[in-house]
1. So which of ALA149, ALA160 is in contact (Cβ under 8 Å) with a residue 24 or more places away in the chain, assigned to a helix (DSSP H, G or I) and within 14 Å of the chain's Cα centre (by Cα)?
2. Report every pair of residues separated by at least 6 positions or lying on different chains whose Cβ atoms are under 6 Å apart, first residue within the stretch 83-110 and touching a residue at least 24 places away in the same chain (Cβ under 8 Å), second open to solvent by less than 100 Å² (accessible area, probe 1.4 Å) and small (Gly, Ala, Ser).
3. Would you be able to tell me the number of residues in the stretch 97-127 that are more than 20 Å from MET156 (Cα to Cα) and touching a helix residue (DSSP H, G or I) at 6+ places or on another chain (Cβ under 7 Å)?
4. Condition first: open to solvent by less than 10 Å² (accessible area, probe 1.4 Å) and over 19 Å from VAL22 (Cα atoms). Now tell me which residues in the stretch 137-168 satisfy that.
5. Conditions first: (1) assigned to a helix (DSSP H, G or I); (2) in contact (Cβ under 8 Å) with a residue 24 or more places away in the chain. ASP135 passes all but one, so which condition is the exception?
6. Being charged (D, E, K, R) and open to solvent by 90 Å² or more (accessible area, probe 1.4 Å), is that true of even one residue in the stretch 118-132?
Amino acid sequence: MTEILSLETIQELAQQYGYWAVFLGISLENAGVPLPGETITLVGGFLAGSGELNYWLVLGSAISGAVLGDNCGYWLGRWGGWPLLQRVGRLFRFSEAQLLEVKLDFSENAARAVFLGRFIALLRIFAGPMAGIADMPYGKFLTWNTLGAVVWASIMVSLAFFLGQLVP
């Protein structure tokens, strides 16, 4: 499994599929699939810096993939996330009261969690579904999700882009 997700494999996918690899990688990660979306985004930015891809198209792919993926996660959480969370909670021996407390805590900090979750790998995967489970209003979610995606992607792609210009 680690060979499938090696840096060399990710680079080959980004070189072969370009912007689609960046878009799909970050979309799936943000929808809740534990993929190395951030690594794919960084590789895309690096390839843009080395002249193999266009910076603006990599950035657009990362932003749109992040927004779309997190929206899928939000709606999955909204439509069926609470029963799933209860089942998983029972597996790990969390009581219903503990799960309700987590839901309430997330609700109180949902905007911050959605925005700042972009910068924390596991939170990036779970922020969208948790926002749906916590019944965060969709307009508020979309606003913070989009702002977070723009800031996160701009930083990640730009850093990798400049590194790609420095390293042959």
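The values are calculated or read from the model by the stated rules, or taken from the named source; none is laboratory data. What you are looking at is a predicted structure, and each value in this text was computed from that prediction instead of being measured. Glycine gets a Cβ as well: all are built from the backbone with ideal geometry, and neighbour counts include every protein chain shown. Only protein heavy atoms, including side chains, enter the accessible area calculation; ligands, DNA and RNA are left aside. Shrake-Rupley method; radii C 1.70, N 1.55, O 1.52, S 1.80 Å.
1. Numbers: ALA160 fails: within 14 Å of the chain's Cα centre (by Cα).
Step by step, each of ALA149, ALA160 is checked, and only ALA149 is in contact (Cβ under 8 Å) with a residue 24 or more places away in the chain, assigned to a helix (DSSP H, G or I) and within 14 Å of the chain's Cα centre (by Cα).
2. Cβ pairs passing all conditions: LYS103/ALA134; PHE106/ALA134; SER107/ALA134; ALA110/ALA131; ALA110/ALA134.
3. The total comes to 5.
4. Matches in the stretch 137-168: PHE141 only.
5. In the conditions (1) assigned to a helix (DSSP H, G or I); (2) in contact (Cβ under 8 Å) with a residue 24 or more places away in the chain, ASP135 misses (1) alone.
6. Here is the first cut: in the stretch 118-132, the ones charged (D, E, K, R) are 118, 124.
Narrowing further to those that are open to solvent by 90 Å² or more (accessible area, probe 1.4 Å): none.
Looking for residues that are charged (D, E, K, R) and open to solvent by 90 Å² or more (accessible area, probe 1.4 Å), one finds none in the stretch 118-132, hence no.
So that you can scan it fast, the table gives a plain yes or no per residue for (1) loosely packed, with under 13 Cβ neighbours inside 10 Å; (2) polar (S, T, N, Q); (3) out of contact with any strand residue (DSSP E or B) (no Cβ under 8 Å at 6 or more places or on another chain):
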| residue | (1), (2), (3) |
| --- | --- |
| SER61 | no, yes, yes |
| ALA66 | no, no, yes |
| ASN71 | no, yes, yes |
| TRP75 | no, no, yes |
| ARG78 | no, no, yes |
| ARG93 | yes, no, yes |
| GLU108 | yes, no, yes |
